[in-house]
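Everything below concerns the one structure shown next.
The values are calculated or read from the model by the stated rules, or taken from the named source; none is laboratory data. If you're wondering where the values come from, they're calculated on a predicted model, not measured in any experiment. Because the Cβ atoms are built from the backbone with ideal geometry, glycine has one as well, and the counts that use them run over all protein chains shown. Keep in mind that these areas ignore ligands, DNA and RNA; they rest on the heavy atoms of the full protein, side chains included. Shrake-Rupley method; radii C 1.70, N 1.55, O 1.52, S 1.80 Å.
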Amino acid sequence: MHVIHSPHHRGHDPQQFIVRGRFQRSNEQPERADRLLQAAQAAGLQPLEPEDFGPGPRAAIHTPEYLHFLATAWERWQALPQASDEVLPNVHPFPGQPFTYPDSLVGQAGYHLGDMACALGRHTWQAALWSAHCATHGARLLLQGERAAYALCRPPGHHAYADRANGFTYLNNAAIAAQVLRERHARVAILDIDVHHGNGTQGVFWRRRDVLTVSLHGDPHFCTPFFTGHAHERGEGDGLGFNLNIPLARGTGDAAYRQALAGALQQIRHYAPGALVVALGLDAHERDPYQALALSTAAFADLLGDIARLGLPTLLVQEGGYLSDDLGPNLRSALRGFLAAA
Ligand code: ZN
């Protein structure tokens, strides 16, 4: 099994992030990927750098305006008087109210950057597009007959909508991979076990039945992204019934989580997809800085073992999981559990 990773992630090191009104350095730091790569190799995975797949895979998920914004915003921002080194939003359109796409870059930043956790620096675009190439490369390995692959994507992707960044994410790597897998498979499932709701992934596939989206996460009553992730959000139109949210109470531990996962896996079996993408967050761990749920390190082996026993071609796509001494061991546990059962 390969770990697909790119050194381009290092240039993306956002310095400004707001938590309860205070600026601090982002939790989503380059060291995360270094620790994750070490752990993947310790679990026996073979490192591989991705090919450049061009603009096609990201253009199949994201809008042209948004991709143009991401590719050009930093340089255009530098031309503004007294601009900061990072693009950050300060105005937003109101949901449900009429609006016109803004000509002003400041307006575009407010439209495309959904919160204060997606600062855009000089190298963010390069990091995001190579992160997406990692996911695309993993999906292509599955299409070539490999049973599984691990895409070490940084920045992560599952909060990114078709035209909006938020929550540390810019391009939706898991969605891009699922779309690539659709070339061969009539139905693809995405299972998101990051502690935060995969709101962007839900948004991308909200009206589609060819990609089942399932997310287990901290209940939005207490956990970001707050506005989405409730059980009653089930998709619309053609997609009605093909989005499943499983919100979990604060502090949910190993046994209750595994039971909830069993329900999710039952739904995936019933859907009978040709391939599976796992949005693999490790931030449901008990000592992750987010402190929302309380999984042990050993639990990741059990959970990934349960997922592997679906017997599907499976792409693991890295999402969250933040700096702590447990980050590497959590990934190693997850990968070992997966490999032992695959
Ligand atoms: Zn997360």
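All of 321, 263, 235 fail the test of being touching a residue at least 12 places away in the same chain (Cβ under 8 Å), within 28 Å of residue 209 (Cβ to Cβ), part of a loop (DSSP other than H, G, I, E, B) and open to solvent by less than 40 Å² (accessible area, probe 1.4 Å), apart from 235.
Okay, residues lined up against (1) modelled with pLDDT of 95 or more; (2) under 25 Å from residue 263 (Cβ atoms); (3) not hydrophobic (A, V, I, L, M, F, W, C):
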position	(1), (2), (3)
136	yes, no, yes
141	yes, no, no
151	yes, no, no
171	yes, no, no
176	yes, no, no
181	yes, yes, no
199	yes, yes, yes
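Within the stretch 325-342, the residues that satisfy the criterion of being among the hydrophobic types (A, V, I, L, M, F, W, C) and at pLDDT 95 or above are 327, 331, 334, 335, 338, 339, 340, 341.
Can you give me the number of residues within the stretch 141-194 that are in a loop (DSSP other than H, G, I, E, B) and either within 16 Å of the ligand (Cβ to nearest atom) or on the phi < 0 side of the Ramachandran plot (or both)? Qualifying residue count for the region: 27.
Is it true that some residue in the stretch 17-26 is under 23 Å from residue 330 (Cα atoms) and open to solvent by less than 80 Å² (accessible area, probe 1.4 Å)? Yes - at least one qualifying residue is present in the stretch 17-26. If you go through the stretch 270-291 and pick out every residue that is open to solvent by 10 Å² or more (accessible area, probe 1.4 Å) and within 16 Å of the ligand (Cβ to nearest atom), you end up with 5. Residues that are within 14 Å of the ligand (Cβ to nearest atom) and either open to solvent by 10 Å² or more (accessible area, probe 1.4 Å) or assigned to a helix (DSSP H, G or I) (or both) within the stretch 203-218 are absent altogether. Of everything listed in (1) more than 16 Å from the ligand (Cβ to nearest atom); (2) surrounded by fewer than 24 Cβ atoms within 10 Å (Cβ to Cβ); (3) not acidic (Asp, Glu), the single unmet condition for residue 315 is (2).
Among the residues of the stretch 126-143, the ones that are small (Gly, Ala, Ser) and either in contact with a Lys or Arg (Cβ under 8 Å, 6 or more places away or on another chain) or under 12 Å from residue 7 (Cα atoms) (or both) come to 4 in all. Meeting the requirement of 3 or more residues that are charged (D, E, K, R), the helices (runs of 4 or more DSSP H) wholly within the stretch 37-113 are 64-78.
Considering each residue of the stretch 293-306 in turn, none proves to be polar (S, T, N, Q), away from the ligand (no atom under 16 Å from the Cβ) and more than 25 Å from residue 27 (Cα to Cα).
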